[in-house]
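Everything on this sheet refers to the single structure shown next.
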Amino acid sequence: MRYIILFILLLATSFGCARKQTPTGKIRLNLGAATAGTTLNGVYIWGLNKTFGLTFAHHIVGDGRDLEFPLKPGVWNFRVVAWSGAGLPMFEGTTRCGNSPDISFQSGDVDVPIHINSDCSNHPRISDPDFIETNGNGNQLKTMRLVSCRSLVLVSDNSSVCDNAYLGDTKSFRVILPSYSPRPDMEIGPFAPESLRSDCQNTTNGSADTNLRIPVGNGSPESPRVYIESFDQVDCTGNVQFRAFPHGLFAAEGIHGKLFNLSNPPPKAVFYLKHGEALGKGDLSPFGNGADGDVTVNSLTSLASMDTAMSGGGVSVVPSTTRTWSSSRRVTAMVTDAIGTKLTVSAAFGSNAFRPDDEIMWHVSMATSNTACDSEIGAENHLHAGSYGFVRISSTPTALTLVVPYVFPLTGINTNLNRDLLFANGGQQEQCVIQIIRVPNLNSLTLHANLTLQTSSFLLGASATPATGHGGILPIRLKGQLVIDDGFYL
């Protein structure tokens, strides 16, 4: 039998008539001999004052410690999770759970015994039952899988895919169970620097299967707080993003995090974390990063060529550049996997047209039927004529291929992609025309009077080949100021 004894002592301190009496509490957590033969690596205890809506949390590293901190009278309850396993990192190994009933007190000494054991299935405030697994150590908290996405708008299951969005910027992360003094249950505020925290966890392709057993709560104020620090470099270095979930991971609101249960072996608590600028379909970043500089159009400019340079021909760019306006190519083949898509295009390109980190627009410019581009009719991301989205290029393995972190809902359409654009076949052959267009990310754009900025034409005809079927779109993102003089035409 293992017990945690919470010895709560209310004290009224008086410093003369001009001072208020302030009740304080002393909690004594004594694992002592009850832990004989078991190495506890960490203990996390939290409580809720139901009278005033206050929560607090503290921790123990080792077998016993007295903790003192202010406690307000009222109706309290307490919950505990401990992790055991010789030499194991924090939050790994066997989990032991326990809780107290509601305790009402106003003054005097109160002993609160909490029995902890390896059966965590009877403590819904510690973890929703879906996130408990049964193994050789009992009913245990499930281990955690973290998936980093730039948008969670369309994430709807535990498939470890950032649906219609890009993989997030998380290269590494750590999980914190914060120790803090009593405060309103949704207030974040500071926490103790020595709070329990996991070892650094590195991700691979935006996700990580870990051995961390984190209590996810059940969405109520009695759930344990969980904080996550995510980093854009491995080994918990680089820029850090801090996310707080004051009612636990189970209550994540879907903007910064989403939790899903995975029952199939190995069982997991799959947590999706938003990290990075959202650029996916339906969740676009409107302003871009300004990487293509300040552009001024001074004279008539026609972008008749698919690779017309931005600078020259009456256009000045600061800083000077050799990049193109709206390089476009028709897509002739796609190969998808769980983290992205390799696109084969109709004509070779150079680094002025497309390069890693460039933003491109993809556009379904023609679909001869509702199943020409994919068969997932009715799905959120079904590809039909007019479908489009934006993505940044991950790599350019060859002059004819690009890799993007976007998973297209494809179902054997490569034959349809690579057909000649013929209209005399009586509709016997399905055709799907998808093109990609470079999206200049401008810092500012100035357009002077009596001029025209015209994009290249979209070519379709009876004798058109897979090398055509692109153009006709000039996408631009603008981070700063747009100046248009009278008489300018787009």
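What's the number of the only condition in (1) in contact with a His (Cβ under 8 Å, 6 or more places away or on another chain); (2) closer than 21 Å to V270 by Cα that T134 fails to meet? With (1) in contact with a His (Cβ under 8 Å, 6 or more places away or on another chain); (2) closer than 21 Å to V270 by Cα applied to T134, the lone miss is (1).
Here region 229-251 is the region considered, the condition is being of a type in the set (A, V, I, L, M) and touching a Phe, Trp or Tyr at 6+ places or on another chain (Cβ under 6 Å), and the residue that is surrounded by the most Cβ atoms within 10 Å (Cβ to Cβ) is L249. Kindly indicate whether L453 is surrounded by 15 or more Cβ atoms within 10 Å (Cβ to Cβ) and either at pLDDT below 80 or among the basic types (K, R) (or both). Yes. Of all the numbered requirements in (1) under 26 Å from the mean Cα position of the chain (by Cα); (2) over 19 Å from Y166 (Cα atoms), L383 misses one, and that requirement is (2).
Selection within region 311-329: residues that are touching a Gly at 6+ places or on another chain (Cβ under 8 Å) and outside any loop (DSSP other than H, G, I, E, B). The member of this set that is surrounded by the fewest Cβ atoms within 10 Å (Cβ to Cβ) is V318. If the condition is being in contact with a His (Cβ under 9 Å, 6 or more places away or on another chain) and either at pLDDT 70 or above or assigned to a strand (DSSP E or B) (or both), then region 405-447 contributes V433, I434, Q435, I436, I437. Of everything in region 27-62 that is at pLDDT below 55 and out of contact with any strand residue (DSSP E or B) (no Cβ under 6 Å at 6 or more places or on another chain), the residue that is surrounded by the most Cβ atoms within 10 Å (Cβ to Cβ) is T35.
In this structure, S181 does not qualify as in contact (Cβ under 8 Å) with a residue 60 or more places away in the chain and crowded, with 21+ Cβ neighbours inside 10 Å.
Report yes if some residue within region 230-240 is without any contact (Cβ under 8 Å) to a residue 40 or more places away in the chain, assigned to a strand (DSSP E or B) and within 14 Å of the chain's Cα centre (by Cα); otherwise report no. Yes, some residue in region 230-240 is without any contact (Cβ under 8 Å) to a residue 40 or more places away in the chain, assigned to a strand (DSSP E or B) and within 14 Å of the chain's Cα centre (by Cα). When region 172-214 is filtered for residues that are over 22 Å from Q233 (Cα atoms), β-branched (V, I, T) and modelled with pLDDT of 95 or more, only I214 remains. Check D209 against each of (1) under 24 Å from S263 (Cβ atoms); (2) crowded, with 18+ Cβ neighbours inside 10 Å; (3) touching a Lys or Arg at 6+ places or on another chain (Cβ under 9 Å) and name the one condition it does not meet. For D209, the exception is condition (2).
Within region 164-178, the set of residues being buried (at least 22 other Cβ atoms within 10 Å of the Cβ) and farther than 30 Å from F408 by Cβ comprises V175, L177, P178. Among the candidates A379, A367, A372, A399, the residue that is surrounded by fewer than 19 Cβ atoms within 10 Å (Cβ to Cβ) and either more than 15 Å from R329 (Cα to Cα) or modelled with pLDDT under 85 (or both) is uniquely A379. Considering region 98-156, the qualifying strands (runs of 3 or more DSSP E), each wholly inside and each with 1 or more residues that are surrounded by 23 or more Cβ atoms within 10 Å (Cβ to Cβ) and free of Cβ contacts under 8 Å to residues at least 24 places away in the same chain, run over 132-135. Restricting L343, L300 to residues that are at pLDDT below 85 and hydrophobic (A, V, I, L, M, F, W, C) narrows the list to L300.
Residues satisfying the criterion are present in region 215-227 (criterion: assigned to a strand (DSSP E or B) and touching a helix residue (DSSP H, G or I) at 6+ places or on another chain (Cβ under 6 Å)). Residue check: is D169 among the acidic types (D, E) and either at pLDDT 90 or above or within 20 Å of the chain's Cα centre (by Cα) (or both)? Yes. Any residue that is part of a loop (DSSP other than H, G, I, E, B) and crowded, with 18+ Cβ neighbours inside 10 Å - is there at least one of those in region 198-205? Looking for residues that are part of a loop (DSSP other than H, G, I, E, B) and crowded, with 18+ Cβ neighbours inside 10 Å, one finds at least one in region 198-205, hence yes.
Quick grid of which residues meet (1) under 20 Å from S181 (Cβ atoms); (2) modelled with pLDDT of 85 or more:
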residue: G64; (1), (2): no, no
residue: F69; (1), (2): yes, no
residue: P73; (1), (2): yes, no
residue: G87; (1), (2): no, yes
residue: M90; (1), (2): no, yes
residue: T94; (1), (2): no, yes
residue: G98; (1), (2): no, yes
residue: I103; (1), (2): yes, no
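Every listed requirement among (1) at pLDDT below 85; (2) part of a strand (DSSP E or B); (3) not charged (D, E, K, R) is met by T332 save one, (1).
The values are calculated or read from the model by the stated rules, or taken from the named source; none is laboratory data. Quick caveat: nothing in here was measured; it's all calculated off a predicted structure. Positions of Cβ are backbone-derived with ideal geometry, glycine not excepted, and every protein chain shown enters the neighbour counts.
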